[in-house]
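Engineer: I'd like to ask you about the structure that follows.
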Amino acid sequence: GSLPPADDIADLVVRAHARYADVNEGRVADYIPILAEADPARFGLSIVGVDGSAFEAGDVGVEFSIQSISKAFVFALVCEEIGHEAVHELVGVNNTGLAFNSLIAMELNGGSPMNPMVNAGAIATTGLLPAESSEERWRRVREGLSRFAGRKLALDEVVYRSEAETNHRNRAIGKLLQSYGRLDPDPLETVDVYTRQCALSVTAHDLAVMGATLADGGVNPITGEQVVSAAVCRDTLTVLASCGMYERSGEWLFEIGLPAKSGVAGGIVAVSPGKGAVGAYSPRLDPAGNSVRGQRACAYLSRALGLNLFASA
Ligand code: GLN
């Protein structure tokens, strides 16, 4: 199937925005100091179809750091390079049931980072991207994510520095991965590349384009470029379904029925395979680190547009 008629989508996006714009539950992330300064009133919603059509409401042009949503797209780039089997074996695809920055999950599972959507698995995944040096690895990450977005993504230096000065936990994760033989390149340099990838600036519109590329078998609907293969999109969306919303992935799937990924700056991308994607931005988060308004809006849009993958009618 395809998305409903354009007029209906345009109307529903505006309605979803109006419906949740006054929700003030949740808290802006502050463990990365600069994120505490985000304006909690911001709220943007964008839907981009696989045909490149866009339907938007609110703050869709406001830039924020991609944070953990980068994990989905770096994972796709790595799958493209090293293949399905290697990713399965080296990173894993099962939910930890624990917070995204947990070290215990690794300890309980013989050093396995468990999946590429928690920090441990994401740092391991970034380390798997073939490169001669950390500079080259960073360049490849940035160029790859820019191809998904269809425009050159910039590093937010302020966010990068704020996180780089305070990311002791992620550095510990890097060293722990090294101790388990799960990270070949230098662990602290790899954590630095990961910290940079999290500090790339995007908009809700960018997230929708990036998601629509995954929805479209790897073809960016704006540029027409084949960024990754259709098989890689399938693998990436599978992992997003099981692990994209951290320990709340089951509840998300139960309510919304779409593969999705969130980030602590307040972004969410939810992907409707073959149809398109929703990009949402609003900084107030639930305790797991998922945008509150973003989740509500995605739930509303999934129902109203008939996107739940598990619904037979
Ligand atoms: N850069 C953040 C971190 O590593 C990303 C976490 C997130 O978005 N959940 O802690």
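We did not get these values from a lab; they are worked out from the coordinates using the rules stated. Keep in mind the model is a prediction, meaning the values are calculated, not measured. Here the Cβ is made from the backbone with ideal geometry for all residues, glycine too, and neighbour counts use every protein chain on show.
Engineer: At a Cα cut-off below 29 Å, give the lysines reachable from residue 152, other chains included and same-chain residues fewer than 8 away excluded.
Structural biologist: Leaving aside lysines fewer than 8 places away in the same chain, those within reach of residue 152 are 71, 261, 275.
Engineer: How would you rank 69, 82, going from fewest to most other Cβ atoms within 10 Å of each one's own Cβ?
Structural biologist: Final ranking by Cβ density, sparse to dense: 82, 69.
Engineer: Moving to a separate point now. Can you give the angle from 0 to 90° between the axis of helix 6-20 and the longest principal axis of the chain, with both taken from C-alpha atoms, to the nearest 10?
Structural biologist: Here the helix axis deviates by roughly 70 degrees.
Engineer: Something else about it: Rounded to the nearest 500, what is the 222 nm mean residue ellipticity of the chain from helices alone, with -39500 (n - 2.57) per DSSP H run of 4+ residues and division by all residues?
Structural biologist: Dividing the helical sum by the residues of the chain leaves -14000 deg cm²/dmol.
Engineer: Next up: Lys and Arg at +1, Asp and Glu at -1: add these up for the other residues within a Cβ distance under 10 Å of residue 288 and post the number.
Structural biologist: Neighbour charge sum, excluding residue 288 itself: -2.
Engineer: Here is a follow-up. Give, as a single signed number, the net charge of other residues whose beta carbon lies under 13 Å from the beta carbon of residue 218, with Lys and Arg counted +1 and Asp and Glu -1.
Structural biologist: -2
Engineer: Could I ask something else about it? Counting alpha carbon pairs within less than 8 Å and at least 6 residues apart, what relative contact order, in whole percent, applies to segment 69-198?
Structural biologist: 28 percent
Engineer: List the residues, sorted by chain then number, that are 5 or more residues from residue 285 or on another chain and whose placed amide H is less than 5 Å from its amide H.
Structural biologist: Placed amide hydrogens put 27, 28, 29, 292 under 5 Å from residue 285.
Engineer: May I ask you to sort 281, 31, 20 by Cβ crowding, counting other Cβ atoms within 10 Å and putting the fewest first?
Structural biologist: Least crowded to most crowded, the residues run 31, 20, 281.
Engineer: Let me ask you something else. State the volume of the convex hull built on the alpha-carbon positions of segment 26-116, expressed per residue in Å³ and rounded to an integer.
Structural biologist: With only Cα atoms used, segment 26-116 gives 155 Å³ per residue.
Engineer: Now a separate question. Sort 106, 245 by Cβ crowding within 10 Å, fewest neighbours at the top.
Structural biologist: Going from sparsest to densest Cβ surroundings: 106, 245.
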